[in-house]
Amino acid sequence: MFLKLKSDVKIEDRRGHISGVVDGLRALLAGGVQATLDPRRGDCYDLEDGARAYYIYVSPVTGGVVLLAAWPKEANAASLVPLPAFGEPLLSSLALV
């Protein structure tokens, strides 16, 4: 589903995310974003931009948004650093500067 809200929509942040997270969500909603309705919780949606994922509740009564969670999207597999094999010391694989 495509979700687009007014740029002046009230966004309630109950977890105290940094302002950049709330600003990013506001911009995303104002521009319109593909959102996935949570089938287990009415009026809750998953959405994401290039770097961050959000989980929100949109009030069907007021149209206000509650930011329930936000997290960085996972890095692609090519950018991940492999962990040492089981039994190898973790610190021996790190370079100290």
Give me ILE11, ILE18, ILE56 ranked fewest to most by other Cβ atoms within 10 Å of their Cβ, as a rough exposure proxy.
ILE18, ILE11, ILE56
Rounded if a/c under 1.5, otherwise prolate or oblate - segment 15-60, Cα gyration tensor axes:
prolate
Quick check on segment 2-79: of the DSSP beta bridges with both residues there, what percent are antiparallel, nearest 5%?
85
Tell me, what is the percent relative contact order of segment 2-79, built from C-alpha pairs under 8 Å that lie six or more residues apart?
29
Once you have a ≥ b ≥ c as the square roots of the Cα gyration tensor eigenvalues for segment 2-79, tell me rounded if a/c is under 1.5, and otherwise prolate or oblate according to whether a/b is larger than b/c.
prolate
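We did not get these values from a lab; they are worked out from the coordinates using the rules stated. None of these values were measured; they are calculated from a predicted model. Cβ: placed from backbone, ideal geometry, glycine included. Neighbour counts: every protein chain shown.
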